[in-house]
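Written below as structure tokens is the structure these notes are about.
Every number in this text was worked out from the coordinates using simple rules, so none of it is lab data. Fair warning: this is a prediction, and the values are worked out from it, not measured in the lab. Here Cβ is always computed from backbone atoms with ideal geometry, including for glycine, and neighbour counts include all displayed protein chains.
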Amino acid sequence: MSILIYAESAEGKFKKTAFELASYAKKIAGETGTTVTAVTINATNSADLGKYGVDKVLAVTSDKLKAFNAKAYADAIKQAAQKESAKIVLFSSNTDSLHIAPLVAVGLEAGYASNVVALPVSLSPFQVKRNAFSNKAFNVTEITTDVKVLAIGKNSFGLVEASGAAVEEAFSPSLNDNDFTVTVQSSEKVTGKVTIADAEVVVSGGRGLKGPENWGMLEDLASAFGAATACSKPVSDLGWRPHSEHVGQTGKPVAANLYVAVGISGAIQHIAGINSSKVKVVINSDPEAPFFKVADYGVVGDAFDIVPKLTEKIKEFKAHNS
């Protein structure tokens, strides 16, 4: 018996969430006396997973799986879980994995809980704490099936390094041709920038920036932080920023360690989508902006005056501590 994680990668490199899942799984394995196995798809550097507690890696290499395919990925992971007799299967709560996890749960006849934000409350009975009501509350979910499938929220556990090395084993799951009736001909990805999904810090702008020509100062702030840039829905609707940067309940969810909102009033849908972020900072000239009610820190003032000064202070701090 083992705990199985899906170690997600992009262009062969593991995402930070893969190491978070390994850390999470290793903690449970230490309490239950089990081992941690990772299944990877077209990834390199499997040894990196061993640094975070993975004992064994099932490495899938297939040209047919170069483009994301939820059904095919789910079937491969299900077969890996069956091979290892895994009783707990872990995914990250990001876009691709949230497509895969329910399919794996159905295939394994397993109970499934998404948006898990902590280690199990209890292992017997098996209970987990989850975000609920658009991150406004928590609930405790009990899973009674023999196999449990969990999707862990980003930044819920953190990275914990462990001693040991992962043993890699080539794994060739049986792929169903019917899963490939729709194929991806090409895809375009932004390169050279921190993505919202992987970012520890997100700097986001709203209509308070008055126009796309003023986004340079926000990008400078993001660069100083080493952060991803994002925006509110009205900004993407106006075409000031690409829709890929729209965050909130109707856009991409954000669970960053630090979320900086500049010129965003704080509509309920936006707040719901970023509420899992650990520290929220708002900069707005309107002291009555709803965002101030949920922010950990707030600055009332002109963003065009505050943001450049904040950027310089961050640069000075980094230079002094480098």
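Of note:
- Separation of the Glu109 and Lys309 label points, Cα + 7 Å toward Cβ, nm: 6.6
- Where (1) 0.94; (2) 1.00; (3) 1.03 are the candidate values, the label of the one calculated here for Rg/Rh (Cα atoms, Kirkwood Rh) is (2).
- Three-way shape call for region 201-321 based on the alpha-carbon gyration tensor, with the a/c threshold at 1.5: rounded
- Distance between the C-alpha centres of region 1-41 and region 53-124: 10 Å, rounded to the whole angstrom.
- Residue pairs, from the table Lys13/Lys313; Lys193/Lys293; Lys71/Lys148, whose Cα atoms sit over 24 Å apart: Lys13/Lys313; Lys193/Lys293
- Taking amide H positions as modeled 1.01 Å from N, with prolines and chain starts lacking one, the residues under 5 Å from Thr35 and 5 or more places away or on another chain are Ile3.
- Straight-line cross-link reach from Lys129 at under 20 Å between alpha-carbon atoms covers these aspartates and glutamates, not counting any fewer than eight positions away in the same chain: Glu20, Glu31, Glu142, Asp146.
- Each peptide in 209-221, 276-288 was scored by the mean count of other Cβ atoms within 10 Å over its residues; highest first, the order is 276-288, 209-221.
- Using the Karplus relation 6.51 cos²θ - 1.76 cosθ + 1.60 with θ = phi - 60°, the per-residue 3J(HN,Hα) values for region 208-215 come to x, 7, 6, x, x, 5, 9, 6 Hz, with x marking Gly and Pro.
- Prolate/oblate/rounded call for region 133-290, Cα gyration tensor, a/c under 1.5 rounded: prolate
- Neighbour net charge for Val128 - beta-carbon separation under 15 angstrom, K R +1, D E -1: +3
- Acute angle (nearest 10 degrees) that the helix 95-108 long axis makes with the longest principal axis of the chain, alpha-carbon atoms: 30
- Computed from Cα atoms, the angle from the helix 16-32 axis to the main principal axis of the chain rounds to 50 degrees.
- Sequence-separation-based contact order of the chain, relative, with Cα cut under 8 Å and 6+ spacing, percent: 14
- Between 0 and 90 degrees, the angle of helix 303-321 with respect to the longest Cα principal axis of the chain falls at about 60 degrees.
- Mean Cβ neighbour count within 10 Å, used as a protection proxy, ranking 46-53, 133-140 highest first: 46-53, 133-140
- Whether region 206-258 is rounded, prolate or oblate, judged on the alpha carbon gyration tensor where a/c under 1.5 counts as rounded: oblate
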